[in-house]
Structures are given as C-alpha cells and as structure tokens.
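Novice: Structure provided below as structure tokens; questions to follow.
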Amino acid sequence: MEHFINYDSVTAYYFVTGGLFLMYLAFRILYSLIVQNNFMQTQYRAYGHTWRSIQCNKSIPYNIYCTVCEKLMLAVVGLFCECCAVSACKKCYKTVDKRYKCKQLTWPSNKIFPHQWVDVGISRTDIAENNDHSDDSTKKYFCSWCQRIKLCNNTRDLKTEQCDFHKYSNIIIPPTSVQMEKGNVISIQPVNNSNWEPLIIIANRKSGSNRSDEILSLFRGLLNPIQVIDVSVTSPESVVRWLPEKCRVLVAGGDGTVAWVLNALFAAPHIKAAVAIFPMGTGNDLSRVLGWGPGCPSYIDAHSIISSIKQATVEQLDRWKIIIKPKRGRLGRRAPERILHAYNYASIGVDAQVALDFHRARTQFLYRYASRTLNYIAYVFLGVGRALDDGGCEGLERRVRCCADGVALTLPPLQALLALNIPSWGAGVHLWSMGSEDEVEEQSMSDGKLEVVGISSSFHIARLQCGLAEPYRFTQASNLRIDLEGSCAMQVDGEPWMQGPATILVEPAGQSTMLRANIKRSEC
Ligand SMILES: [Zn+2]
Ligand SMILES: [Zn+2]
Ligand SMILES: [Zn+2]
C-alpha cells in the first residue's frame, strides 16, 4: 500500500502551532513587562469585605489558611480583606461576607467601641517559645483597628475590651466620631485629644498606573476606610465638606491630582489641612522641591510613609490666578474668559508644545501601557522631533508682549516664555539659579513673586536639562500681563493646550499649606 504524505498540510500545521506558541510567548513577555504587580482590581465597599489577592503588598497580617474551610491557600486562590485582614479562598469568600463583619465605619458614640479581633492563624513559633507543646489550638488574633496581636485559645475572652487605636490613635478617625447618612459621611465630631490630627489619603485609582490602587489598599488596612479616598469615585470637592478642621492630607498622584486637591482645600478656608505628596506622575516637580522624592519607589511601605508625614514641617506655597481673556476673532466673536490656578509654573511656547505632543500621543496609544520608562522615551523622541520643527514657536518675541509689574520686558529671540513659582521645572531642572548662582536673586515659593525666564529653542531645553546652558533671566514679579498674537501652545502645571490670541493676566491668589519631608526618602 502506498503511503502518501501531504507535505503542504504538515508544514501548514507546524507553521500554525509554531506561530501560536510564539504569539503566546510574546504575550507572556509583554504581560510580565506591562503588569508590574498582580493586584486584583477591587472597589472599596461599605458592606461586606474588600477582597485582594494574597500576593499583593500588604500593611496588615493575614491567615494563610482559609477562615471557612481551613485549607492552606495557594497564592492563586487566596484572598484577604485589605481593610480587616480576614482571609478566605475563592470558594468561601462569599460565606465570609455573610458571616463576619468588616471594619465598622461608624459606631454609636454612647457605646464603647471594642477591639475587632480577626483570626490570623495558629502561632506555632509563639507556642514553642512558651514551652506549651500540649495546646495546639492557640490562635493569633489581630485587631484591625489598633494593630495589636493577641494569643488566645478561647474566642469568648476577646470581645469585651475597648479599643484605644494604640499606635495610630492620633491619626485615625474613630468610628464613634463619624456620622453617616445613606452610606455617605455627613460630619466628623472632633476627638477630645489636642494631638489628634487625622491623616487623609487621596489617590486616583484610574490614573493609569496601579500603584495608586496599591496606596489605597495599604492605608485601608491601617486607618478608618473613610479616610482613604479614591478621587475617581469621590471628588475632593465633596470630601472637603466633612473634613475635620485640622488634618494632614497625603495626595498620591501627579501634579494634576495635587492641584485638584489644593484647589478644593482652598475653597474651604475653615479647614486647616497641610498637604504631603506621594509622587506618581512623570515630572513631580512640586514633590521634588518639598523633599517627597522624584518618583514612586519600587516598594511602598505605608508605616514609614506615616512616620515621615508625622515628622514633616509645615510650609507655605504661593498660589497664582491665571486669567485668559481671548481677543476678538475675525467674525467679531469672543471666546469666554478662562480662569486657572497655578502652583508650579506656566509657560507659552516650545516646552508647552512638547508637553502637548506628549499629551496627544499618550491619549492615543500609550495611556493603556503607562510605564514611566516608555513615557520618558516617548517624551525624548517628541522633544527631538520639535527641534526639527518648532511647531510655530519661532519668533515668539515678535508675537508676545510681556509686562511685569507694569514694566514692559525687552525680549531677545525666543521660543518659550515661562513664569516659575517653584525652583524645579521639567522634572528637576533648577532653571532660575542655573549658571551664575551668586548674582541671581533668591527664588522662593512663598515670597509672592514669580520668576520670568525665556528659552531660545528646544535644543536650548535639551542643553538646560544637561546643565550646559542658562536661560534668559528676565525679572521677578507679582503681576504679569502677556499679550499673545496668533496661536501658540500653552501650559499650566504640565496641563497643555493650544491657545489662540489672548490677553493673559497672572496675579497672586493666596497661599496653600504644604508639608516638607524632613527625612530623605530612598530614591528609586
Ligand atoms: Zn475556603
Ligand atoms: Zn473586611
Ligand atoms: Zn483594638
């Protein structure tokens, strides 16, 4: 019998399977590069527990055995509640939701608030130390409010004592002070303790990186979950309605999130809140200036963040109001006036154009894969691209007239005009003091003055970033008036847009209270 092999179909088969395997391999490599940690994306809930994979970075202990079926949990099936530390496997977590209560956000003020003990496993090492080999039922209980651990073999002994919140009593909002209505916080009654200064954590879970989600998760375990705010669900404007009069706020995010929170706090002058920053953006200039570091560290330790916020000192930061009055167009129509607030810097010209290119590219395809390295590479490429094509910023000095405190500035050939509030620009460049340090007036972020500088081209930006050039230093002023002819890119605190012909007024708008880190944080 003649065997006939169809070589074409065999080749096709190997081609297909080989192709599929290579695709899978490429997917795995990309996946491992893109996904930095394996957080199960959960949203905080007021009822039931907030489950996370046990592989996550945690601030509280957990039981490696399921609370219901008592089986040892593998990393793939193990879950724990990020608020109260109860653990369960993927089969049993719904039973735990029904059987055990999570941290109570609110509690009647006339009743004592007891410890909330959660079983976090059998303590074999502790038994060995106590030479008590006979008793194998001694369990470790963890109070999810005061973080104490108690060894005990009878659950009835646990429930009576009052919880004092121990280590973090000065920064926790106790459930007895919280007044809630329909799941929303209405008000916070002050605590009878002069050292009480609650810590509020604000982050944006939808900011593109899952590190913000990690911050929210870590602090829900240590504080009252109402103190941990995800701005993608609750806006800062609604939070300031119930914030205690004296508090410290940690904003985990980029310059945009920080400015959003500062504006909301400024609108509520009765609240004396001092703001610390956990850097999560690309530039993080304000964070660098205040000593909170240039970027997010690879490992986040919530306890050390709390201690550096406690030791931080209060400092004032100038706030600036930017009024943009568009000029009449050809048809005689005038666009509406725009008002913005700046904390870091504002600029017109080529640096805003690079930021705008980056902003457009990111919203198109990079946003989904937000990684700092990729963002940085994209930024560099776009900057080089703008060196070859100035984006209409050439000869800016002919289209811009600038008056600083009523005095008109004489401008040399320029491609960008900047007004700086803080001594850091473009991810850590000390623009004002570059070059001749001894002759330059001091730059301060609380002196009520802006520093006006100019940049001649995007090559000039590149040389400034390497420390090889100095900018044009024009003046220090409190009031600016800029008349712009034609359109040009503009930015305020890293938020860029295309600006048409307009008169731009910059004037002081009070101060914000910030926190300066005293310990140097480890840089990544
Ligand atoms: Zn189970
Ligand atoms: Zn829970
Ligand atoms: Zn307790």
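Novice: I'd like to verify a number: residues in the stretch 450-501 that are surrounded by fewer than 19 Cβ atoms within 10 Å (Cβ to Cβ) and closer than 25 Å to E315 by Cβ, how many?
Specialist: Let us first name the residues in the stretch 450-501 that are surrounded by fewer than 19 Cβ atoms within 10 Å (Cβ to Cβ), namely 459, 462-463, 465-470, 472, 475, 478-479, 481, 483, 485-487, 495, 497-498, 500-501.
Keeping just the survivors that are closer than 25 Å to E315 by Cβ gives 475, 478-479, 495.
Number of matching residues: 4.
Novice: Filter the stretch 83-99 down to the residues that are more than 16 Å from ligand 3 (Cβ to nearest atom) and in contact (Cβ under 8 Å) with a residue 40 or more places away in the chain and list them by number.
Specialist: The initial filter retains those residues of the stretch 83-99 that are more than 16 Å from ligand 3 (Cβ to nearest atom), namely 87-99.
Those that are more than 16 Å from ligand 3 (Cβ to nearest atom) and in contact (Cβ under 8 Å) with a residue 40 or more places away in the chain: Y93, V96, D97.
Novice: Tell me which strands (runs of 3 or more DSSP E) are completely within the stretch 59-155 and hold 1 or more residues being modelled with pLDDT of 85 or more, open to solvent by less than 40 Å² (accessible area, probe 1.4 Å) and more than 16 Å from ligand 1 (Cβ to nearest atom), or say none if there are none. Please lay out each step first, then the result.
Specialist: Numbers: elements: 78-81, 87-89, 117-122, 139-143, 149-152.
In the stretch 59-155, the matching strands (runs of 3 or more DSSP E) lie at 139-143.
Novice: Look at the stretch 299-343 and say how many of its residues are touching a helix residue (DSSP H, G or I) at 6+ places or on another chain (Cβ under 9 Å), charged (D, E, K, R) and open to solvent by 40 Å² or more (accessible area, probe 1.4 Å).
Specialist: So the count comes out to 1.
Novice: Being at pLDDT below 85, open to solvent by less than 40 Å² (accessible area, probe 1.4 Å) and within 16 Å of ligand 2 (Cβ to nearest atom), is that true of even one residue in the stretch 31-38?
Specialist: Restricting attention to the stretch 31-38, the residues satisfying the condition of being at pLDDT below 85 are 31-38.
Next, only the ones that are open to solvent by less than 40 Å² (accessible area, probe 1.4 Å) stay: 37.
If we keep only those that are within 16 Å of ligand 2 (Cβ to nearest atom) too, we end up with none.
Checking the stretch 31-38: not a single residue is at pLDDT below 85, open to solvent by less than 40 Å² (accessible area, probe 1.4 Å) and within 16 Å of ligand 2 (Cβ to nearest atom).
Novice: Scan the stretch 325-332 and give yes if some residue there is part of a loop (DSSP other than H, G, I, E, B), on the phi > 0 side of the Ramachandran plot and at pLDDT below 90, otherwise no. If you could, list the steps in order and put the result at the bottom.
Specialist: First, the residues of the stretch 325-332 that are part of a loop (DSSP other than H, G, I, E, B): 327-332.
With the extra rule that they be on the phi > 0 side of the Ramachandran plot, the set shrinks to 332.
After this cut, where a residue has to be at pLDDT below 90 as well, the list is 332.
Yes, that holds for at least one residue.
Novice: Another question about this same structure. Could you check, for the stretch 277-298, whether at least one of its residues is touching a helix residue (DSSP H, G or I) at 6+ places or on another chain (Cβ under 9 Å), part of a helix (DSSP H, G or I) and small (G, A, S)?
Specialist: For the stretch 277-298, residues touching a helix residue (DSSP H, G or I) at 6+ places or on another chain (Cβ under 9 Å), part of a helix (DSSP H, G or I) and small (G, A, S): present.
Novice: Hey, does the stretch 425-443 have a residue that's at pLDDT 85 or above and at negative phi?
Specialist: Restricting attention to the stretch 425-443, the residues satisfying the condition of being at pLDDT 85 or above are none.
Checked against the condition, which is being at pLDDT 85 or above and at negative phi, the stretch 425-443 yields no hits at all.
Novice: Taking only the stretch 445-479 into account, find how many residues are part of a loop (DSSP other than H, G, I, E, B), within 29 Å of the chain's Cα centre (by Cα) and farther than 21 Å from G406 by Cα.
Specialist: Within the stretch 445-479, the subset part of a loop (DSSP other than H, G, I, E, B) is 445-449, 456-457, 466-471, 478-479.
If we keep only those that are within 29 Å of the chain's Cα centre (by Cα) too, we end up with 445-449, 466-467.
Retained after the next criterion (residues that are farther than 21 Å from G406 by Cα): 445-446, 466-467.
Counting residues in the stretch 445-479 that are part of a loop (DSSP other than H, G, I, E, B), within 29 Å of the chain's Cα centre (by Cα) and farther than 21 Å from G406 by Cα gives 4.
Quick grid of which residues meet (1) within 25 Å of K246 (Cα to Cα); (2) of a type in the set (V, I, T); (3) in contact (Cβ under 8 Å) with a residue 24 or more places away in the chain:
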position: P269; (1), (2), (3): yes, no, no
position: A274; (1), (2), (3): yes, no, yes
position: G281; (1), (2), (3): no, no, yes
position: D285; (1), (2), (3): no, no, yes
position: P294; (1), (2), (3): no, no, yes
position: P297; (1), (2), (3): no, no, yes
position: H303; (1), (2), (3): yes, no, yes
position: S308; (1), (2), (3): yes, no, yes
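The values are calculated or read from the model by the stated rules, or taken from the named source; none is laboratory data. Since this is a predicted model, take the numbers as computed values, not measurements. Cβ coordinates were reconstructed from backbone atoms using ideal geometry, including for glycine residues, and neighbour counts include every protein chain displayed. Protein only, heavy atoms only, side chains kept; ligands, DNA and RNA dropped before computing areas. Shrake-Rupley method; radii C 1.70, N 1.55, O 1.52, S 1.80 Å.
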